[in-house]
1. Condition test on Ile125, is it open to solvent by 70 Å² or more (accessible area, probe 1.4 Å) and not in a helix (DSSP H, G or I)?
2. So, in the stretch 81-101, exactly how many residues are within 22 Å of Arg2 (Cβ to Cβ) and either of a type in the set (A, V, I, L, M) or not in a loop (DSSP other than H, G, I, E, B) (or both)?
3. Here is a list: Arg26, Arg62. Which entry is modelled with pLDDT of 95 or more, surrounded by 15 or more Cβ atoms within 10 Å (Cβ to Cβ) and farther than 30 Å from Ser152 by Cβ?
4. Find the residue count for the stretch 65-109, including only residues that are in contact with an Asp or Glu (Cβ under 7 Å, 6 or more places away or on another chain), exposed (fewer than 15 other Cβ atoms within 10 Å of the Cβ) and touching a residue at least 40 places away in the same chain (Cβ under 8 Å).
5. Any idea which of Ala49, Ala17 is open to solvent by less than 60 Å² (accessible area, probe 1.4 Å) and more than 20 Å from Ile125 (Cα to Cα)?
6. So is Pro29 within 21 Å of Leu95 (Cα to Cα), free of Cβ contacts under 8 Å to residues at least 24 places away in the same chain and either touching a Cys at 6+ places or on another chain (Cβ under 6 Å) or part of a loop (DSSP other than H, G, I, E, B) (or both) or not?
Amino acid sequence: MRITIVAVGKIKEKYLAEGIGEFTKRLTPFCRLDIVEVSEEKMPDNPSAATKAKALSREGERISKNIRSGSYTVVLDIAGSLLSSEDLAAKLDGLGLAGSSDITFVIGGAFGLAPEVSAAAQERISFSKMTFTHQMIRLFLVEQIYRAFKISRGEPYHW
């Protein structure tokens, strides 16, 4: 299975980068994982709705260029469906069995995602009704993908 995470912005916090690196390494036996970072638009303090929309559109263009044709696309969206770890494991298993072995997860920036990116996705999921930074969500996502593979194989995750 090939999984790509397309994310807006760079990880600057060392502790997050180390965590993401650790789970990326752990995923090696289970899938090919690629993380693609697209640049985040610079925004003034208190941007207008039009400024936000323009910035999201530019980020959306960069995101879309990094989603392969035919890839099953899942955007992370606070308004998306809430899944348990077991639900995510079942979703990945089901996609693999259905022949969708190329999956792209999309994480927007501080102001979210361009509407056209969300509309083009096959699925929208949420990690919580709470708000987290997009950098933290990247760590949560790679950890949950790893956990999903462990669940699917009936392997223990916590000893």
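The values are calculated or read from the model by the stated rules, or taken from the named source; none is laboratory data. This is a predicted model, so every value here is computed, not measured. Glycine also receives a Cβ, built like all others from the backbone with ideal geometry; neighbour counts cover every protein chain displayed. The area values use the complete protein model at the heavy-atom level, side chains included, leaving out ligands, DNA and RNA. Shrake-Rupley method; radii C 1.70, N 1.55, O 1.52, S 1.80 Å.
1. So Ile125 fails the test.
2. Result for the stretch 81-101: 14.
3. Only one candidate passes the filter, namely Arg62.
4. 1
5. Criteria check complete, one pass: Ala17.
6. Taking the combined requirement at face value, the residue satisfies it.
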